1. State the percentage of accessible surface on the range 1-60 attributable to carbon and sulfur atoms; use a 1.4 Å probe and exclude ligands, DNA and RNA.
2. I need the calculated FRET efficiency for the pair residue 37 and residue 10, taking r as the beta carbon distance and R₀ as 41 Å, to the nearest 0.05.
3. At 1.4 Å probe size, put 27, 96 in order of accessible surface, largest to smallest.
4. Using the Cβ atoms and a cut-off under 14 Å, what net charge is assigned to the surroundings of residue 46, where Lys and Arg are +1 and Asp and Glu are -1?
5. Add +1 for every Lys or Arg and -1 for every Asp or Glu among the other residues with Cβ under 15 Å from the Cβ of residue 91, and state the total.
6. If you take the beta carbon distance between residue 46 and residue 90 as r and set R0 to 35 Å, what does 1/(1 + (r/R0)^6) give as a FRET efficiency, to the nearest 0.05?
7. Computed FRET efficiency, Cβ-Cβ of residue 128 and residue 102, R0 35 Å: what is it to the nearest 0.05?
8. Solvent-accessible area per residue for the range 1-141 at a 1.4 Å probe radius, Å²?
Amino acid sequence: MNRGRRGVAAVAAVVVVGAAVVLGLLHWILGLTAERQEMSVGGVSTTAISLSAWVGGGALAAFLVLCGALLARVSVTDRPPRRLARVALVGGAVVHAVLGALAVGLMGWTAFTGMMVIFTLIVLTLTLYPAVPPPALAVAAGPSGPEVGDGDAETVEQQPAQQRE
């Protein structure tokens, strides 16, 4: 089982880094296109549009490379990601879900399928490596008392007289 879940995390790492490269390149091309076509939307300058495409694409690519590095670390160490790493990976999954929803209308079902495969790999990795509660919480919680089905739940008053004697 460990080799399987390590493999899922490794594949997810490679695919997420690949998506980072593709999305970074796509934003670079969009910025160049806006600059060369001298596009202006609502009076915003061409330079501002192209610069925002480059900065936004670079930030998105850097975030996805971080997610890929976190997935690679999970694969190598075979340990679940810690709290901040888990939050970043959930954020990466949400980004791919939103991009998939946008991709259906803008680029078609093939792009949607690609985004959903990446989303699934991230979520599957998070599922295969469940979060471990901090030791302080596990000790502080202690036993929670009797549960349904534990022993005899009847009180003394509810027992017949013969059983009490």
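1. On the way: 2570 of 3780 Å².
Ligands and nucleic acids excluded, carbon and sulfur reach 68 percent.
2. Values: r = 41 Å, r/R0 = 1.00.
After rounding, the FRET efficiency stands at 0.50.
3. Details: 27 45, 96 0 Å².
The residues order as 27, 96, largest area first.
4. Numbers: positive: 36; negative: 35, 38.
Once positives and negatives cancel, what remains is -1.
5. Details: positive: 82, 83, 86; negative: none.
Residues near residue 91 contribute +3 overall.
6. Details: r = 36 Å, r/R0 = 1.04.
For residue 46 and residue 90, the calculated efficiency is 0.45.
7. Details: r = 28 Å, r/R0 = 0.79.
The value I calculate is 0.80.
8. On the way: 8540 Å² over 141 residues.
For the range 1-141, the per-residue accessible area is 61 Å².
The values are calculated or read from the model by the stated rules, or taken from the named source; none is laboratory data. None of these values were measured; they are calculated from a predicted model. Please note: Cβ atoms are built from the backbone with ideal geometry, for glycine as well, and neighbour counts cover all protein chains shown. Just so you know, the surface numbers come from the protein's heavy atoms only, side chains and all, with ligands and any DNA or RNA stripped out. Shrake-Rupley method; radii C 1.70, N 1.55, O 1.52, S 1.80 Å.
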